[in-house]
Amino acid sequence: MERWEGEQIAEWGVRNAEFAMQGRVRTLRIPHSALRILAALWRLNLAEELQYRANFVASVLGTLFWIGTALLTLALFFRHTTRLGGWDYWEVVVLLGVFNALTGVIEAVLRPGIGRLAGEVRSGGLDLVLAKPVDAQGFVSFRRLDVWRLTDFVLGLGLAGYALSRLGRVPGLLQLAAFVVALAAAGIVVYAIWVALMSLAFWFVSVENLSVLFDAVYEGARYPVTAYPGALRFVFVYLLPIAWTTTIPASALTGRLGPEIALAAAAVAALAFVLARLFWRAALRRYTGASG
Amino acid sequence: MPPAITAEQLSKTFRVKVRGPGLRGAIEALLRPRYRDVHAVREVTFRIDPGEIVAFLGPNGAGKTTTLKMLAGLLYPTSGRVEVAGFVPWSGGPEFKRRIALVLGNRQQLVWDLPPEETFQLNRAIYEIAPAAYRERLAELVTLLELGDVLDKPVRQLSLGERMKCELAAALLHHPPILFLDEPTLGLDVTAQEAIRRFLAEYRDRHGATVLLTSHYMQDVTALATRVLIINRGRLLYDGALDALVARIARTKRLELVLGGGDGVTAETLAAFGAVKSFRFPNAVLEVPRQEAAATSARLLAALPIADLSIEDPPIEEVIRQAFTHGVEEDDS
């Protein structure tokens, strides 16, 4: 039954990939100069962050504390049941590891970057970005790298690896490759959700803290999507695609889903990216008054 | 030579939500939003030649910044035509943006915790400046702006004036031919203002850059601008030389006196000749109708012991204020 659902999702993803690729591939091309700008930006942040080495310690402690409470909550769950949405304890821990790894990406890049968009729209700080010969979306999204928060990424992957060993499963090369692709796709999906959410700031300038909205939605990714009732599951797979952020990469790693799921994940990521980009452009047109 | 900046019949209208006061107003606005058109800029037409420094004057909310943003390609106009450096700003893309600099006095692009040079390096990457050109331009800007000892200090430790100088340097590394400066001397002390004015004049002379600046400080305007654009409530009221504006609309002249002899002269005595603006023996300032200035001076010299007398135009601030309230039509009365 679960197996069937996975294949169904894979097929849906491939269908969407075809749509996403239609003439839109050029938006995915990254010019050489963009990489140079990115390097300059991150070098800048690195120089800034290295001044505050205490952040590293705080970040590691924070992550360990978070993982500790998450595991404790999970243990409480499993005192009353042996499965959560058909997943056993260590499988869910693999998923928690993936969740934590993505949290690292969110905290290191997205929240300090595009997460500040709403405030800048209100203060007008965005104008200085728009006056520069850069792609505004790319610049706003990737201008920051809070490098210490990447400890979340490392510790998350470590947790997933440990849980995998407790499951007694050694993933094959294909399975690992599928996981890497699915994880990258998960990162892109999370990014797309941020872009779409933050773009709302162009319409509703007074929205105080759009990132809280993201946190509320993303909470749902802490558990396997199969643990949710049907309607919610549908929403998480097809509408607010957070199933693709944790459930799918974790499934690829544990072998719950076959490696072909990576193709579907890549397709979903491409689709989400393109949709987010279109949404951003529409939002920017509104900001500059181009849409009348 | 084609103009550097052309604006024809440029208009911008914003739709804003109207909201009544209090909770009731908030709920009404939520349920039945009503909108009102705000005409920020109305049919503004002007032309600026390469190498000109033009000041944009107007009270807050007059439409200066909106016009500047349209010229810089940050806002689409509701109607009208704009051309800047041969480009239509909002569709010029990166090629256009390489040709302009935008400095906003109340916002900063410098990274707060790092020395300004780090931001310069970032702009070097963004504007794809070759290393040799970068070194040469940075050296020039450092000399002109006297930035020698601030380059390696974190921005947070710099004074407001030093920060603004660095903002200018960051904005000019790519050698844009067109500069849009919104309140570049905002909040600076007199020395720093003076330094920035000197720099802008020197930079224009060296590189022939076109500068459009807004400022609240009249000294900026009188020291730099050969021409002013006066805008109020979205309409362009005046476009021309500053002294021509004064001659055209100032209704009065000021007679500045230094009285000689004893202290027999009182404010009442002076009031017979004109409006007494200030009187502290032996100095006095009288304001008289423009066309009577010469005759009144003669009468004063004949009637009172006067050591010195000069006829001046009213302060420029007052002339501008008058332009905002009464327009710039010639005063025939």
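The values are calculated or read from the model by the stated rules, or taken from the named source; none is laboratory data. Small disclaimer: the values here were computed from a predicted structure and weren't measured. Don't worry about glycine lacking a Cβ; one is built from the backbone with ideal geometry, like all the others, and counts go over all protein chains shown.
The strands (runs of 3 or more DSSP E) located wholly in the range B:35-138 that include 1 or more residues which are farther than 23 Å from A:R144 by Cα, more than 12 Å from chain A (Cβ to nearest Cβ) and out of contact with any Gly (no Cβ under 6 Å at 6 or more places or on another chain) occupy B:53-57, B:79-84. Within the range B:185-202, being crowded, with 20+ Cβ neighbours inside 10 Å and under 28 Å from B:M1 (Cα atoms) holds for B:R197, B:L200.
Exactly one residue out of B:S159, B:S91 is assigned by TED's automatic domain parsing to the domain that holds B:A40, out of contact with any helix residue (DSSP H, G or I) (no Cβ under 8 Å at 6 or more places or on another chain) and not basic (K, R), and it is B:S91. Taking the range A:34-75 as the range and being more than 9 Å from chain B (Cβ to nearest Cβ), over 23 Å from A:Y223 (Cα atoms) and polar (S, T, N, Q) as the test, the residues that pass are A:N55, A:S59.
A residue that is touching a Ser or Thr at 6+ places or on another chain (Cβ under 6 Å), away from chain B (no Cβ under 14 Å), touching a residue at least 60 places away in the same chain (Cβ under 8 Å) and not in a loop (DSSP other than H, G, I, E, B) occurs nowhere in the range A:159-170.
Just one residue in the set A:R116, A:R149, A:R143 is surrounded by 21 or more Cβ atoms within 10 Å (Cβ to Cβ) and within 14 Å of chain B (Cβ to nearest Cβ); that residue is A:R143. Taking A:T254 as the residue in question, decide whether it is among the hydroxyl-bearing types (S, T, Y), buried (at least 20 other Cβ atoms within 10 Å of the Cβ) and modelled with pLDDT under 95. Criteria met by A:T254. The criterion of at least 1 residues that are at pLDDT below 85 and in contact with a Leu (Cβ under 7 Å, 6 or more places away or on another chain) is met, among helices (runs of 4 or more DSSP H) falling completely within the range B:180-258, by B:218-224. Against the conditions (1) closer than 27 Å to A:L35 by Cβ; (2) hydroxyl-bearing (S, T, Y); (3) modelled with pLDDT under 95, B:Y134 satisfies every one except (3). Please work out which residue is farthest from the other protein chains (Cβ to nearest Cβ), limiting yourself to the range A:119-137 and to residues that are in contact with a Gly (Cβ under 9 Å, 6 or more places away or on another chain) and over 16 Å from B:L71 (Cα atoms). Going through the qualifying residues, I end up with A:G119.
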